[in-house]
Every structure is written in structure tokens, then in C-alpha cells.
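Notes to accompany the following structure.
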Amino acid sequence: MKDRIDKFFSEIESIEIKSKEHLEEFRLKWLSKKGIVTALFDEFKILANEERKEVGRHLNDLKNKAQEKFNHLKEEFEGGEEIPASDIDLTKPAEPIAFGSRHPISIVRNQIVEIFSRIGFTIKEDREIEDDWHNFSALNLPEDHPARDMQDTFFIKGQREQSEFVLRTHTSSVQIRMMENSKPPIRCIFPGRVYRKENISARAHCFFHQVEGLYVDENVSFADLKQTLLFFAQEMFGEETKIRLRPSYFPFTEPSAEVDVTCFICASKGCAVCKHSGWVEILGCGMVHPKVLENCKIDSKKYTGFAFGMGIERIAMLKYQINDIRLFYENDIRFLSQFKRA
Ligand code: DAH
């Protein structure tokens, strides 16, 4: 009998159990009332006294071996036995959960949207594949107008009529869609991605993001534009910020201006960001050209409006002092994890 027990012992040792079902089979075969161990104990009872001592030890070892193997695997499959409530330490710190962080472009975009929403601007997004009319012609950029070359364009050939579509070069196209589809007063901002056929470098990329703003109503003046932009600049860059408007040219606005803010990095003392001028350029703007209003069937004698457009990457680069635009699109976790959730 002792030899049989030893054989069983090594059999138990070598059994591989891979699932709960296997484990239950194991229990039934070895440890249940009708199992091998019970049967062996029954046999043991009728042994002669001399044999009992030695066989008993072996039999107990076998029983313990089977029970231990069973307990150990049960724990593994069921994740251990239930812990009594008294053993749970409620003062222990919880397992930390690693939060992601927002992309810097999203942070700055949301900030811009939030600032303008506080002064009554609504938000609208529209398509990135645009027709010539909305991206150019309606914005007072007729075909062959030299100002079309201001923005290098990706063209998409239409399949049927050879009509040309473009990847929008600016979010100004959404101004047109907005004015075509609604009546003044219009006070809205349009964030989104735009595309330019540029060589990729530290300062330029073939796509980036803009926020366009538009306000059309009776008696909207250049003073309104200036005050709106001053409010934005102070909310975005700090109360002390001043703005400066320089005359410029955009076909869709007249007059047009480029806007600088006092350098928020060095408080205008002069640094690398403002190239020691104390000012940094942040956007283009102007009064909506009467032709543009007319193109959208808005009476330019009754209504006036202002518009502006800014690059989100540019503002994020200034704000966080990022010197390479490519970093925004590489999704390097070491770069992205530096930005707080917002
Ligand atoms: N669309 C211009 C660009 O992409 C930016 C711009 C300038 C938008 C002046 C405007 C504006 O609405 O009035 O460079």
C-alpha cells in the first residue's frame, strides 16, 4: 500500500491544473468523499497494527499534499479568500490613477473659446475641405488675385466637373458660411484646423489651427474691434497687457491691422521671444470688407462688422515658450505630459 501511496504522491505533484474546471475535477478525484484519499483511509482502517504507523504517515502526507495544492490553486483562480472587514486598513492611500493631460493646443483653444464666450460670442465649426468660393472668392479674393499667393494652397480636383476644392487655408471660410446662413446680429468664433503647402520646419507646418472671430451688426465700429481685442489680450496674457494695432492688408477686411501685445514673458523689457522689441504679434483683423458682406447677401449700407483670425500654435508657442512647432504633432509623451489638465 505504501508504494501505491508514493505513486499517488508523485501523480499529484505532476498534475497541471489550468482552469477552475480542472481544479474541480482534481477535488472530486482526490479530496471528495468518493475520492481516492477517502478510499485509501478506508483501506488503512483494516490494516494490521504493525503496518499502520508507517502507512498512516504517508497517507497523511498525501492528504496534505492534495489539500495544499487545491487551496493554493483556488486562491490563484479566485483571487484569494475574502478578507475579513477588520483586516482592511481604510487609512491606507488609494492606488494612484494616472490621469492623461490635455494637449497644449486643446488647452489654448479652450481658453480662447471660453474668453470670447464670456462676451457673448457663440462657437461654430465647419468643414476642412472647402470650395473655392468660401475659401477665396467670397472673401474678396477672386481668381488671379495676387493675394491668393499669400497662402500656399493644397488643391483637390473634383471628380466630375473638374471643379476645384481645397483644404481650407484659413478659418475665414467659416465666416462666409455663417453669414450666408444667418442674419445679423452675428457674434461668433470659429476654431479649427487649416492647411498650407509649406515645407515643414521648426516654424512652419503643413497644417495648424486657427480661431476666427466675426461680429456683424448695425453700427459695429473699429473701436468695438479694438476694445474686444484688448479684453481678449488682458484675459489671455494678464491684466497689464497692452495692445498695438499696425496697419496691414487683408483682402477681406478694410481697414486691416495686425495686432501686437506687450511681451508677457519679459514684461516688455526685451527678450528672445519678443526679439527685444517688447511686442509680439498675435493676430490679424479688420472691418469686414463691404464686398464680403454683399457676397453673403448682407446689406453693407445697413450693417458693418469686424473680423479677426489668430493661430493657436503661435499663441501656445509664445505662452509655453515652445520653439519648435513640430513638437505639437509628434505625440511624444515626454512633451505632452508637461501640460496640466485644464
Ligand atoms: N485669414 C487670415 C490668415 O489666415 C487671418 C485673418 C486676418 C483673419 C484678418 C481675419 C482678419 O478675419 O480680419 O492669415
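The values are calculated or read from the model by the stated rules, or taken from the named source; none is laboratory data. Not measured: the values here are computed from a predicted model. Ideal geometry is used to build each Cβ from the backbone, glycine not excepted, and the neighbour counts take in all protein chains shown.
From the list ARG203, ARG177, which residue is assigned to a loop (DSSP other than H, G, I, E, B) and more than 13 Å from the ligand (Cβ to nearest atom)?
On the way: ARG177 fails: assigned to a loop (DSSP other than H, G, I, E, B).
One residue alone meets the criteria, ARG203.
Kindly indicate whether any position in segment 102-121 is assigned to a loop (DSSP other than H, G, I, E, B) and touching a Cys at 6+ places or on another chain (Cβ under 7 Å). Walk me through how you get there before you give the answer.
To start, the set of residues in segment 102-121 that are assigned to a loop (DSSP other than H, G, I, E, B) comprises 102-103, 118-121.
Checking which are touching a Cys at 6+ places or on another chain (Cβ under 7 Å) leaves us with 121.
Yes: one or more hits.
Within segment 218-232, how many residues turn out to be out of contact with any strand residue (DSSP E or B) (no Cβ under 8 Å at 6 or more places or on another chain) and in contact (Cβ under 8 Å) with a residue 60 or more places away in the chain?
2
Mind checking which pairs have a first residue in segment 142-158 that is in contact (Cβ under 8 Å) with a residue 24 or more places away in the chain and a second that is loosely packed, with under 14 Cβ neighbours inside 10 Å and part of a loop (DSSP other than H, G, I, E, B), Cβ under 6 Å, 6 or more apart or different chains?
Taking only residues 6 or more apart or on different chains, the pairs are ASP152/LYS197; PHE154/LYS197.
Restricted to segment 277-291, and to residues that are outside any strand (DSSP E or B) and over 16 Å from SER221 (Cα atoms), which residue is farthest from the ligand (Cβ to nearest atom)?
Step one: list which residues in segment 277-291 are outside any strand (DSSP E or B), which gives 277-278, 289-291.
Subsequent filtering for residues that are over 16 Å from SER221 (Cα atoms) retains 277-278, 291.
Numbers: SER277: 21, GLY278: 23, LYS291: 14 Å.
Among those residues, the one meeting the criterion is GLY278.
Mind telling me which of the residues THR91, THR38 ends up being of a type in the set (Ser, Thr, Tyr) and exposed (fewer than 13 other Cβ atoms within 10 Å of the Cβ)?
On the way: THR38 fails: exposed (fewer than 13 other Cβ atoms within 10 Å of the Cβ).
Going through THR91, THR38 in turn, just one is of a type in the set (Ser, Thr, Tyr) and exposed (fewer than 13 other Cβ atoms within 10 Å of the Cβ): THR91.
Could you say which residue among PHE264, PHE250 is of a type outside the set (Ser, Thr, Tyr), more than 10 Å from the ligand (Cβ to nearest atom) and in the same structural domain as ILE312 (by TED's automatic domain parsing)?
On the way: PHE250 fails: more than 10 Å from the ligand (Cβ to nearest atom).
Exactly one of PHE264, PHE250 is of a type outside the set (Ser, Thr, Tyr), more than 10 Å from the ligand (Cβ to nearest atom) and in the same structural domain as ILE312 (by TED's automatic domain parsing), namely PHE264.
So, in segment 233-261, exactly how many residues are touching a residue at least 24 places away in the same chain (Cβ under 8 Å) and closer than 16 Å to ARG314 by Cβ?
So the answer is 7.
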